[in-house]
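To keep things clear, I will list the structure first and then write my remarks on it.
The values are calculated or read from the model by the stated rules, or taken from the named source; none is laboratory data. This structure is a prediction, so every number in the text was calculated from the model and none was measured. Glycine also receives a Cβ, built like all others from the backbone with ideal geometry; neighbour counts cover every protein chain displayed. For the accessible areas, the whole protein counts, side chains as well, though only heavy atoms, and no ligand, DNA or RNA atoms are used. Shrake-Rupley method; radii C 1.70, N 1.55, O 1.52, S 1.80 Å.
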Amino acid sequence: MSKYSLIKVKYMIKKDLVIIGGGPAGLCAAKMVAEANQSCMLIDRNQILGGQLIKQTHMFFGSEKQYAKTRGIDIAEKLVEDVKKYSDLIDIWEDTTVVGLYQDKVVTVLKNERYVKIQAKAIIIATGASEKVLAFENNDLPGIYGAGAVQTLMNVYGVKPGHKIVMVGSGNIGLIVSYQLMQAGVNVLSIIEASPKIGGYKVHASKVRRLGVNIETSCTIKKAIGHENVKKIETIKLDENWKEIEGTEKEYEVDAVCIAVGLTPLTNLLSMIGCQMKYVSELGGLVPIINENHETSIENIYVCGDASGIEEASSAIVEGYLAGLHACKKLGKFHPKNDELMNEYHQQLTNLRNGPFGEKIRIGLKKQGVCKDVS
Amino acid sequence: MLVKDGVATYEQVISRFPKQEFLVKPKAIIECYENIPCNPCSTSCPFDAITILEDINQLPKIDFDKCTGCGVCIYNCPGLAIMVCQIIGDKVRFKIPYEFLPYPNESETWHAINRKGEIIGDALIEKVMLTKRQDRTAVIQVLVDKENLYDFVTIRRKI
Amino acid sequence: MRIKEHPILNFKEERKVIHFTFNNCPVTGYEGDTIASALHALGIKKLSESMNLKRPRGFYCAIGNCSSCRMIVDGEPNVKTCVTLLKEGMDVKVQSNKGEIYD
């Protein structure tokens with residue numbers, strides 16, 4: 001018998017609003033809710049709040065309204081500080097994993113090895129994303145890591161993932177993590193990209209290129225070689241139809257490989273509660289269908305940040321503010337500057353999604369059912 | 001090509017420089033070639049020399065008459081895409097962002113590096129600036145040969 | 001494998017040493033490490049084996065999503081070692097099955 005079942009659940013905790021996830025979206029939602037004088041419970045499975053910001057050592061883009069030019073690690077600190085100011089209104093449960101979410105809005109969690117039930121009136125889901133994997137021979141060898149894992153290992157725990165690395169993927173994450181690997185003293189042998197064009201911001205590409213790292217487009221990883229660890233990889237060039245070109249194989253001796261091929265929304269809880277979902281490749285995969293108030297197909301279940309579609313952290317921050325405002329408004333608590341802030345945040349989102357890099361997101365959001373905040 | 005390998009073309013690079021007679025005084029060179037949502041260069045400029053219109057996806061525009069080459073934008077640019085440049089006789093003085101250890105020491109000679117990461121000559125380190133305001137992005141002032149005006153972009157330690 | 005100096009981050013040099021065992025061998029990590037980060041710093045990348053083919057597995061996501069880092073810790077199987085903090089005296093073993101429910 002597992003030790004968890006030994007503890008009897010004696011009572012149900014009652015809360016007006018539960019926010020699941022303490023990354024940028026969840027923290028910002030909590031802040032807005034508290035400013036509207038609405039109490040809430042903020043649940044996060046990690047020991048430290050801040051989500052993936054706690055490993056972002058680079059300065060952020062966007063406008064200063066979303067903390068542009070501030071390093072991610074410092075944005076995390078500011079957002080957490082803001083939330084902790086409202087300790088009378090925000091009940092923070094760290095190191096707590098949500099294990100169940102039910103249609104009657106009961107949230108079940110594991111906290112200190114205890115199983116606890118919470119009855120909520122409204123729930124904001126801000127669970128973020130998980131890293132995609134790539135199919136190739138021996139892709140399960142130890143030493144082959146997601147780019148986020150590499151960032152966590154080196155920027156949170158101070159451990160190098162290896163000495164010689166190849167980065168697979170040239171989106172912003174691939175480019176940024178390559179730069180951060182070099183700051184940690186790791187040799188980045190090459191960045192390979194299957195598409196004929198670099199995926200991320202060119203300023204990031206230029207930053208690693210001038211350090212001598214080659215970015216090879218139309219190139220993918222064919223296989224990894226090794227027994228207990230990855231020792232070598234083989235790459236191959238792709239033609240305009242994404243077909244492998246025989247004879248263009250190239251070997252790299254490595255002790256780690258970093259896979260940066262994108263993120264997918266972490267939507268398990270949304271599926272569990274029965275929200276209507278839709279596959280939208282532009283937003284990273286399966287996403288909840290939402291209305292312009294960030295509400296899902298189930299009344300009073302809201303979603304914000306990467307969980308509702310992959311975007312930048314700056315958008316997650318603004319979406320968090322909006323979801324918070326909408327959720328407490330429906331619970332009857334108006335933020336003193338509700339209308340003004342709503343306009344402002346909608347405008348900010350439209351702005352962030354406006355450029356050529358926002359095009360994919362604009363298409364995705366239209367498929368998802370959101371007509372606001374895109375021009 | 002920028003979209004293929006991250007290297008800006010010669011035409012792109014020179015389009016960011018003012019006429020050489022402007023460069024008797026230090027001026028900011030903004031290597032931002034792509035419409036991305038970002039505006040700290042413009043909001044941080046103490047002289048209102050850099051403007052980005054209402055839409056933050058617009059490219060920054062610099063007014064070289066207003067730019068004093070103060071270098072505040074160097075460490076405020078999240079893409080580390082700005083440097084300051086001044087022609088002094090047959091040399092060019094650059095101020096560049098630098099985020100690697102070890103930092104150079106004044107009066108050392110390091111390699112001068114181009115946009116492809118290749119060595120193109122020597123860079124004499126004149127100053128290493130790292131104040132609290134710079135938030136861990138050091139600014140290095142170096143002197144390189146004038147022939148490297150449009151090629152130089154960063155430095156590398158000689159080993 | 002530890003980062004000694006970093007231009008942006010400050011890793012405390014004097015951290016409390018934590019003693020634990022890996023497959024019955026005494027090893028050490030630092031306070032603040034997760035089990036997986038401590039093992040990685042020692043060069044140990046194989047944390048588990050796949051259930052059927054017994055292929056070696058390390059962590060993939062390092063934030064508790066993928067479960068590829070599951071190990072037997074103090075006799076308890078399926079512990080996600082990438083998010084479990086290292087504690088003094090822990091007994092950590094490579095896991096090569098589904099894990100058994102215990103009394």
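Key figures
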item	result
Residues of type lysines that B:Lys25 reaches as a straight line, Cα spacing below 18 Å, ignoring anything fewer than 8 places off in the same chain	B:Lys66, B:Lys91, B:Lys95, B:Lys127, B:Lys146
Signed unit charges on C-beta, dipole axis of chain A, positive-most listed residue A:Ile225, A:Pro24, A:Ile173	A:Pro24
Theoretical FRET efficiency, 1/(1+(r/R0)^6), r = Cβ-Cβ of C:His19 and A:Asp140, R0 35 Å, to 0.05	0.70
In Hz, Karplus ³J(HN,Hα) per residue of the range A:191-196 (6.51, -1.76, 1.60; θ = phi - 60°; x = Gly, Pro)	10, 10, 9, 5, 6, x
Out-of-range pairs (alpha-carbon distance over 24 Å; input A:Lys15/A:Lys278; A:Lys164/B:Lys132; A:Lys202/A:Lys360)	A:Lys15/A:Lys278; A:Lys164/B:Lys132
Amide H contacts of A:Met277 (H built 1.01 Å from N, under 5 Å, at least 5 apart or other chain)	A:Ile289
Prolate/oblate/rounded label for the range B:2-156 (Cα gyration tensor, a/c 1.5)	rounded
Tally of Lys pairs whose C-alpha atoms are under 16 Å apart, taken over the range C:17-93, 8 or more apart or cross-chain	8
Crossing angle, helix A:359-368 versus chain A [Cα axis fit, 0-90 degrees, rounded to tens]	40
Low-density loop positions, GluC sites (Glu not before Pro), the range A:259-301 - DSSP coil, at most 15 other Cβ in 10 Å	A:Glu292, A:Glu299
A:His227, C:His6, A:His163, reordered so the largest accessible area comes first (probe 1.4 Å)	A:His227, A:His163, C:His6
Buried on assembly, the range B:3-30 (at least 40 Å² less accessible surface than by itself, 1.4 Å probe)	B:Val3, B:Lys4, B:Asp5, B:Gly6
Buried on assembly, the range C:34-71 (at least 50 Å² less accessible surface than by itself, 1.4 Å probe)	C:His40, C:Lys45, C:Arg55, C:Pro56, C:Phe59, C:Tyr60, C:Ile63, C:Asn65
Cβ-Cβ FRET estimate between A:Glu292 and B:Asn35, R0 fixed at 25 Å, reported to 0.05	0.45
Solvent-accessible area buried by pairing B with A, both sides, nearest 100 square angstrom, 1.4 angstrom probe	3300
Distance between modelled label sites at A:Arg114 and A:Lys164, nm, 7 Å Cα→Cβ extension	5.3
Distance between modelled label sites at A:Lys197 and B:Lys4, nm, 7 Å Cα→Cβ extension	1.4
Relative contact order (%) - chain C, alpha-carbon pairs under 8 angstrom, separation at least six	29
Surface per residue (accessible, 1.4 Å probe) for the range B:24-159, Å²	44
Area accessible to solvent at A:Lys117, 1.4 Å probe radius, in Å²	70
Cα gyration tensor category, rounded, prolate or oblate, for the range A:285-340 with a/c compared to 1.5	oblate
Selection from B:Thr51, B:Ile120, A:Ser63, by position along the positive dipole direction of the protein assembly as shown (Cβ)	A:Ser63
Whole-number percent relative contact order across the range A:133-259, with pairs defined as alpha carbons under 8 Å at least 6 apart	31
Whole-number percent relative contact order across chain B, with pairs defined as alpha carbons under 8 Å at least 6 apart	20
DSSP beta bridges in the protein assembly as shown [antiparallel fraction, %, rounded to 5]	70
Nearest 10 degrees, 0 to 90: helix A:172-183 Cα axis against chain A principal axis	70
Built amide H within the under 5 Å cut-off of B:Gly121, gap 5+	B:Ala112
Sparse-neighbour loop sites [chymotrypsin sites (Phe, Trp or Tyr not before Pro); the range B:56-133; at most 16 other C-beta within 10 Å; DSSP]	B:Phe64
Long-range tail of P(r) for chain A (Cα pairs > 31 Å, %)	39
For chain B, calculated [θ]222 nm from helices alone, where every DSSP H run of n ≥ 4 adds -39500 (n - 2.57)	-2500 deg cm²/dmol
Partner aspartates and glutamates for A:Lys197 [C-alpha distance under 12 Å; skip if fewer than 8 residues away on the same chain]	A:Glu216, A:Glu240, B:Asp5
Sulfur and carbon atoms: percent of accessible area, the protein assembly as shown [1.4 Å]	50
Loop-located trypsin sites (Lys or Arg not before Pro) in the range A:261-362, at most 14 other Cβ atoms within 10 Å (DSSP)	A:Lys337
Area projected by the alpha carbon convex hull of the protein assembly as shown, averaged over all directions, nm²	29.5
DSSP bridge orientation in the range A:133-259 - percent antiparallel, rounded to nearest 5	40
Chains C and A, summed buried accessible surface - 1.4 Å probe, Å², nearest 100	3300
Rough spin-label spacing in nm, given labels placed 7 Å along Cα→Cβ, for A:Thr248 and A:Ser281	2.1
The range C:17-93 - Rg over Rh from alpha carbon coordinates, Kirkwood radius	0.94
Per residue, in Å², the accessible surface of the range A:259-312 once ligands and nucleic acids are set aside, probe 1.4 Å	35
Pairs of lysines in the range A:71-136 (C-alpha under 25 Å apart; 8 or more residues apart or interchain)	8
Per-residue ³J(HN,Hα) for the range B:113-126, Karplus 6.51 cos²θ - 1.76 cosθ + 1.60, θ = phi - 60°, Hz, x for Gly and Pro	10, 9, 5, 8, x, 9, 6, 10, x, 9, 10, 8, 6, 9
Nonlocal amide H pairs with C:Tyr30, under 5 Å, H built at 1.01 Å	C:Ile18
Cα gyration tensor, the range A:120-240 - rounded (a/c under 1.5), prolate or oblate	rounded
